[in-house]
1. Calculate, for Ile284 and Asn25, the FRET efficiency according to 1/(1 + (r/R0)^6) with r their C-beta to C-beta distance and R0 22 Å; round to the nearest 0.05.
2. How big is D for region 41-183, in µm² s⁻¹ as a whole number, if Stokes-Einstein is applied with the Kirkwood radius of its Cα pairs at 25 °C and 0.890 mPa s?
3. Using label points projected 7 Å from each Cα along Cα→Cβ, tell me how many nm separate Cys321 and Cys33, to one decimal.
4. Quick one: compute a quarter of the convex hull surface over the Cα atoms of region 126-278 and quote it in nm².
5. With a sphere of radius 13 Å drawn around the Cβ of Glu54, what net charge do the other residues whose Cβ falls strictly inside it have (Lys, Arg +1; Asp, Glu -1)?
6. Figure the gain on full extension for Asp81 and Asp158 (residue separation times 0.36 nm, minus the Cα-Cα span) and round it to one decimal in nm.
7. Net charge near Thr232: determine it from the other residues with C-beta under 13 Å of the C-beta of Thr232, scoring Lys and Arg +1 and Asp and Glu -1.
8. Once you compute Rg and the Kirkwood Rh from C-alpha atoms, what is the Rg to Rh ratio for region 194-275?
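What follows is calculated from the coordinates using simple rules that are stated; it is not laboratory data. It should be emphasised that the depicted structure is a prediction, and the values quoted were computed from it without experimental measurement. FYI the Cβ positions are ideal-geometry reconstructions off the backbone, even for glycines, and counts take in every protein chain you see.
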Amino acid sequence: MPSIERKALIKELYKETETVQVTGNYAKHCPHCESKSISRYGTQKGEQRFKCGECGKYFKETTGTVLGRIRKKSLFLKFQDAMINEEYCSIKKMAERFGVSVPTAFNWRHKILLSLPELNCKFQDETQIDDIWIRYSQKGRKGLEYGKKRGGTSHKGDSNYQVKILTATNSTHTEMKVSNIGRLKKADIQRSLGDKITKKTILISDKHKSIQGFAIDNKLEYHSFKASQHTTKDGKGVQLLNNIAGRMDTLLNRTFKGVSTKYLQLYVNWFKFKENSKNNIKEINLQNEILSKKYTWDLFSNIEGIYGNFIKNHSARTYRCPQQQKFKAQNWNQNLAFKNSFI
Ligand SMILES: [Zn+2]
């Protein structure tokens, strides 16, 4: 089909006729000063506007959320639905399918990943734990001397080029966190997954000094085995975890042909969300989830800064700032944004 006809068809399919209902029911406090003394104050472009009784500023329910600055809101929500409920698919394919540019599809994907609901759960019983290794990558970081090739380092084994995704899983729930680059230490485990572990957690892992140390520090039951033996004497192993590691590798390296370390946690969150929602019967209203996250825009506009902090604090790599697309930050809530930081 000629591309003009194709574009027209896409437009027809995704006509902006349905307006997104933003009721204002989720505006509970002022995003500028967090005051709860707010009142309705007319509408703007069909959306309920509010005034804060404390600081006097105006805002809408979408202020600070990723939906706030999206013009094609209903298309954006369809894009989100496809990301959550369909197979993983490349940015290029998504751009073609939704009739948006590749950079728009790229930004939309990251905005959606930043506002995914958290399905929180603490481990109460046998839990397999290990670090999954992914090579450090600066894919797409324009203006950097070593550009793309840097991701394809030939360093074998554990090195300062291996990004660690600390992963814990049982048969119903999985937690994953990009913890550090280089050797995983006790402190990395504590910082990354410490709040998901309880006194009742029983850790199962191959012989990993740091995990053992973490278990001892936290007085946790711990079962380990030599990697060559695959299981403990009574048959405890890390099959679930190995399965996740295999699928992560395929996803990152084949489906997406490599993911920049800067965005790795976002893709980890995507995978984690899809895994965990398989076991979650509760209906999640994704639009309301987006609206309840008032700091997502700040996170989105600070991704480079958050990544820079991660490189400086948790790796032996040198942080280099690339030429980058600048986004105007809201900046009203930077502390909150960093507190909720994704790395
Ligand atoms: Zn206020």
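1. Using R0 = 22 Å, I get an efficiency of 0.85.
2. For the chosen part, D equals 127 µm²/s.
3. Label-label distance for Cys321 and Cys33, simple model: 3.2 nm.
4. Dividing the Cα hull surface by four gives the mean projection, 9.5 nm².
5. Counting the neighbours of Glu54, the net charge comes to +2.
6. So the chain would gain 23.9 nm between Asp81 and Asp158.
7. 0
8. 1.04
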